[in-house]
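What follows draws every value from the coordinates through simple rules; no lab data is involved. Just so you know, these numbers come straight off a predicted model, no measurement behind them. Here the Cβ is made from the backbone with ideal geometry for all residues, glycine too, and neighbour counts use every protein chain on show.
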Amino acid sequence: MGVQRVQTHNPYLESRADEVLHERLLLLARERPRYRYRRLRVLIEREGERVNHKRRYRIYRAAGLCLNGRSADIVFA
């Protein structure tokens, strides 16, 4: 006898986890503005959190962090 997905799915917990990941992606992207979502994945995984690539990219896009080519300002020291 299986359990229906509706009974085990809690959208509140999912949205809260998305908010935490969203804040973490924003913080890392501000620290390293040229890093894209694949490199940010490495930083997040080093902190011990495993995140599905589709979910990570969806949150990355929703945060407005996608770079178009060389659209970010490059500062030369």
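Quick notes on this structure:
- Placing R0 at 22 angstrom, the Cβ-Cβ distance between LEU27 and ARG58 gives a FRET efficiency of 0.75 after rounding to 0.05.
- HN-Hα J in Hz across segment 48-64 - Karplus 6.51, -1.76, 1.60, θ = phi - 60°, x for Gly and Pro: x, 10, 9, 10, 4, 5, 5, 5, 4, 5, 4, 5, 4, 5, 4, 7, x
- Order by protection proxy (mean Cβ within 10 Å, highest first), peptides 39-46, 19-26: 19-26, 39-46
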